[in-house]
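As structure tokens, the structure follows; a few thoughts come after it.
The values are calculated or read from the model by the stated rules, or taken from the named source; none is laboratory data. Remember, it's a predicted structure, so these values are computed and weren't measured experimentally. No Cβ is skipped: glycine too gets one built from the backbone with ideal geometry, and neighbour counts run over all protein chains shown. Please note that ligands, DNA and RNA were not included when accessible areas were found on the heavy atoms of the full protein model with its side chains. Shrake-Rupley method; radii C 1.70, N 1.55, O 1.52, S 1.80 Å.
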Amino acid sequence: TAGSTSRTINVTLNGDTTVEADETFFLTLGSVTGATIDDGSATGTILNDDLPALSIADASTTEGDSGSKTLAFTVSLSQPAIAPVSFDLATSNGTATAGSDYVALSLPAQVIPAGQSSASFNVTINGDTTVEANETFTLAASNVTGATVADGSATGTITNDDAPRVSIADASTTEGNSGSKTLSFTVSLDQPGTSTVSFGVTSSNGTATAGSDYAAVNLS
């Protein structure tokens with residue numbers, strides 16, 4: 001209006017949670033009367049304020065009896081990044097011990113490039129024949145840039161695939177002239193089990209005859 005030097009034009013912007021590049025649109029002057037046009041076009045920029053969410057999935061594997069194998073962890077983004085996402089990764093002990101059960105991992109400045117949504121990382125697992133409970137360790141992300149953190153820590157589970165070996169020892173005794181006595185047999189494990197070990201026991205004749213020389217055994 002006369003006496004004024006400016007007028008504000010409002011454009012409504014619609015919010016969303018989509019991770020996307022900054023977006024632009026144009027506002028153009030037209031049908032101008034009473035003034036000449038110096039700059040008749042303006043750019044409106046909608047700055048992206050959304051970031052993908054980073055998470056690490058839990059993983060598990062059997063340990064094996066010897067040598068080593070790898071356990072793969074996947075670091076994922078909720079949607080592809082529009083700019084590189086960087087983070088540090090490191091393992092820490094739980095019931096599993098670095099050096100004996102697995103090889104410690106420390107990876108600074110890892111990157112998921114723009115346009116991608118995941119990356120895989122391997123932790124080396126050491127095999128053994130020890131009968132033990134399942135063991136765990138943690139893989140965690142830190143110093144995350146370019147993403148929010150939904151779940152920055154994963155549990156790696158080393159599943160025990162070993163079982164104790166069972167054996168029954170020979171036994172002997174004199175029979176005696178009358179009455180009865182017992183002959184004790186010992187069933188043994190080569191190492192303690194992590195859970196109950198069950199078994200059945202049955203007898204069968206050799207040169208001794210059940211009923212006359214000994215009482216038959218059938219334990220299930």
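Which value in Å does the Kirkwood hydrodynamic radius of the stretch 111-187 take, with 1/r averaged over all unlike C-alpha pairs and then inverted?
After inverting the mean inverse Cα-Cα distance, the result is 19.0 Å.
For the chain, what % of the accessible area comes from carbon and sulfur atoms, probe 1.4 Å?
The nonpolar share, carbon plus sulfur, comes to 49 percent.
Given axes a ≥ b ≥ c from the Cα gyration tensor, I'd like to know whether the stretch 93-133 is rounded (a/c under 1.5), prolate (a/b larger than b/c) or oblate.
prolate
Mind giving me the FRET efficiency for THR138 and LEU27? R0 is 41 Å, r the Cβ-Cβ distance, nearest 0.05 is fine.
So the FRET efficiency works out to roughly 0.20.
In Å³ and rounded to a whole number, note down the convex hull volume per residue for the Cα atoms of the stretch 62-170.
Output value, Cα hull per residue: 100 Å³.
In whole Å, how far is the Cα centre of the stretch 75-101 from that of the stretch 106-123?
Between the Cα centres of the stretch 75-101 and the stretch 106-123 lies a distance of 8 Å.
Find the Rg to Rh ratio for the stretch 1-143, where Rh is the Kirkwood radius over alpha-carbon pairs and Rg uses the same atoms.
Result: Rg/Rh = 1.36.
For the stretch 140-185, what percent of Cα pairs sit more than 12 Å apart?
It works out to 80 percent of all Cα pairs.
What is the set of long-range amide H partners of THR62 at a cut-off below 5 Å, with H atoms built 1.01 Å from backbone N?
When sequence neighbours closer than 5 places are left aside, the close amide H contacts are THR159.
Test of understanding: in a Gaussian network model of the chain with alpha carbons linked when under 10 Å, which of SER76, SER203, SER60 would top the mean-square fluctuation ranking?
Fluctuation is largest for SER203.
Relative contact order for the chain: what is it in percent, counting Cα pairs under 8 Å that are at least 6 residues apart?
This gives 18 percent for the chain.
Taking the chain as a Gaussian network, Cα atoms linked when under 10 Å apart, which of ASN126, ASN177, ASN143 shows the biggest mean-square fluctuation?
Greatest mean-square fluctuation among the candidates belongs to ASN177.
Give me the accessible area per residue for the chain, probe 1.4 Å, as a whole number in Å².
For the chain, the solvent-accessible area averages 66 Å² per residue.
Could you give the nm distance between label points at ALA57 and THR1, where each point is 7 Å from its Cα heading toward the beta carbon?
6.4 nm
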